[in-house]
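The values are calculated or read from the model by the stated rules, or taken from the named source; none is laboratory data. It should be emphasised that the depicted structure is a prediction, and the values quoted were computed from it without experimental measurement. When we count neighbours, we look across all protein chains shown, and the Cβ atoms used for this are built from the backbone with ideal geometry, even at glycine.
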Amino acid sequence: MRRTMVAGNWKMHGTRSSIAELINSLRCLALPSSVDIAVFPPCLYIKQVVDGLKGNLIQVGAQNSAVEPTQGALTGEISPSQLADAGCSYVIVGHSERRRMMGEHDGIVNRKFAAAQACGLIPVLCIGEALEQRESGNTLKVVSYQLGSLIKELGMSVFANAVIAYEPIWGIGTGLTATPQQAQDVHAAIRTQLSEETSEIAQGIRLLYGGSVKAANAAELFSMPDIDGGLIGGASLNANEFGEICRAAGN
Ligand code: PEP
């Protein structure tokens with residue numbers, strides 16, 4: 001039985017004071033203990049969030065990390081070993097905003113994934129298609145290629161300790177959500193692809209859906225058999241909304 005997970009990607013939002021408010025509101029939520037919950041603040045505020053959520057069941061992750069596992073001469077980057085030292089448990093790799101805006105191709109994503117795991121962090125690998133790829137009928141091909149690249153480079157065993165988030169690019173921050181069936185079809189294809197390699201790992205891995213998830217649509221999405229929770233952007237900045245999404249994942 002897979003534990004569901006809800007991950008809140010705060011993206012490049014927040015100030016010390018707005019984050020202090022969000023921490024306080026998160027601490028007041030009644031959250032289901034059956035769900036793994038994590039928030040991903042901007043790097044600058046990770047320590048504030050780790051300290052502020054001490055004793056709470058919400059864990060903390062980072063939105064990005066370096067391709068190298070350990071500290072060294074890499075100006076402007078933060079190594080996964082430093083993130084682990086700061087109290088992170090997870091790191092997002094391959095978010096479509098970074099793939100598109102920072103030119104992070106599969107080779108870079110795969111290195112970041114491996115570096116994160118080498119430091120004991122759990123990578124949350126994001127994959128998903130653009131609108132034109134969906135409209136031309138290439139969704140499964142694109143997703144399978146992104147996943148296949150990682151399997152080819154790092155092997156299947158790395159998925160024993162990882163999370164995959166299917167995030168159609170056209171659904172991120174747009175208010176457009178994949179229908180539960182559209183999302184389920186892609187999740188089922190991802191699990192089948194993994195299962196062709198190692199069935200046990202495929203059955204155990206959490207597959208999150210991301211793309212304009214909110215309290216109003218979470219329960220329906222999470223009721224699908226291969227959707228094990230969500231990666232939430234905008235709605236995770238509102239503690240009450242985030243709490244409702246977490247409770248939907250716990251039902
Ligand atoms: C995301 O950034 O991963 C995301 C899914 O954003 P939103 O929920 O705002 O679409």
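On the basis of being closer than 24 Å to residue 59 by Cβ, within 13 Å of the ligand (Cβ to nearest atom) and among the small types (Gly, Ala, Ser), does residue 239 make the cut? Here the answer is no, as residue 239 does not meet what is asked.
Taking the condition of being part of a strand (DSSP E or B) and under 12 Å from residue 48 (Cα atoms), how many residues in the stretch 1-20 meet it? Write out each step before concluding.
Here is the first cut: in the stretch 1-20, the residues part of a strand (DSSP E or B) are 4-9.
From what is left, the residues that are under 12 Å from residue 48 (Cα atoms) are none.
Number satisfying all stated conditions: 0.
May I ask you to list the residues in the stretch 120-145 that are within 16 Å of the ligand (Cβ to nearest atom) and not in a strand (DSSP E or B)? Listed by number, the residues that qualify are 128, 129, 130, 131, 134, 143. Taken over the stretch 166-192, residues that are within 22 Å of residue 108 (Cα to Cα) and part of a helix (DSSP H, G or I) amount to 2. Among the residues of the stretch 56-89, those that are in a helix (DSSP H, G or I), of a type outside the set (A, V, I, L, M) and crowded, with 17+ Cβ neighbours inside 10 Å comprise 80, 81, 82. Residue selection: residue 198 fails the criterion of being within 23 Å of residue 233 (Cα to Cα), hydroxyl-bearing (Ser, Thr, Tyr) and more than 17 Å from the chain's Cα centre (by Cα).
Checked against (1) among the β-branched types (Val, Ile, Thr); (2) touching a residue at least 60 places away in the same chain (Cβ under 8 Å); (3) assigned to a helix (DSSP H, G or I), residue 23 meets all criteria but (2). Scanning the stretch 199-232 for residues that are surrounded by fewer than 24 Cβ atoms within 10 Å (Cβ to Cβ) and small (Gly, Ala, Ser), we see that the one that is farthest from residue 19 (Cα to Cα) is 199. Filtering the stretch 24-55 down to residues that are over 13 Å from residue 88 (Cβ atoms) and in contact with a strand residue (DSSP E or B) (Cβ under 9 Å, 6 or more places away or on another chain), which residue is surrounded by the fewest Cβ atoms within 10 Å (Cβ to Cβ)? Once the filter is applied, the top-ranked residue is 34. Within the bounds of the stretch 90-108, is there any residue that is crowded, with 18+ Cβ neighbours inside 10 Å, over 15 Å from the mean Cα position of the chain (by Cα) and acidic (Asp, Glu)? Checked the stretch 90-108: at least one residue is crowded, with 18+ Cβ neighbours inside 10 Å, over 15 Å from the mean Cα position of the chain (by Cα) and acidic (Asp, Glu). Taken over the stretch 1-20, the criterion of being within 30 Å of residue 205 (Cα to Cα) and either surrounded by 12 or more Cβ atoms within 10 Å (Cβ to Cβ) or touching a residue at least 40 places away in the same chain (Cβ under 8 Å) (or both) is satisfied by 2, 3, 4, 5, 6, 7, 8, 9, 10, 11, 13. Among the numbered conditions (1) under 18 Å from the mean Cα position of the chain (by Cα); (2) modelled with pLDDT of 95 or more, the only one that residue 57 does not meet is (2).
Please pick out the residue among 181, 193 that is in contact (Cβ under 8 Å) with a residue 12 or more places away in the chain, surrounded by fewer than 15 Cβ atoms within 10 Å (Cβ to Cβ) and away from the ligand (no atom under 16 Å from the Cβ).
Working: 193 fails: surrounded by fewer than 15 Cβ atoms within 10 Å (Cβ to Cβ).
Only one candidate qualifies: 181.
Among the residues of the stretch 196-219, the ones that are small (Gly, Ala, Ser), assigned to a loop (DSSP other than H, G, I, E, B) and away from the ligand (no atom under 12 Å from the Cβ) come to 0 in all. Search the stretch 220-236 for residues being within 18 Å of the chain's Cα centre (by Cα) and part of a helix (DSSP H, G or I), and hand back the single one that is farthest from the ligand (Cβ to nearest atom). Ranking the qualifying residues of the stretch 220-236, first place goes to 222.
Among all residues of the stretch 147-165, there is none that is part of a helix (DSSP H, G or I), farther than 25 Å from residue 91 by Cβ and not charged (D, E, K, R).
Can you find, within the stretch 242-251, the residue that is nearest to the ligand (Cβ to nearest atom) among those that are surrounded by fewer than 19 Cβ atoms within 10 Å (Cβ to Cβ) and assigned to a helix (DSSP H, G or I)? So, considering only residues that are surrounded by fewer than 19 Cβ atoms within 10 Å (Cβ to Cβ) and assigned to a helix (DSSP H, G or I), the one nearest to the ligand (Cβ to nearest atom) is 244.
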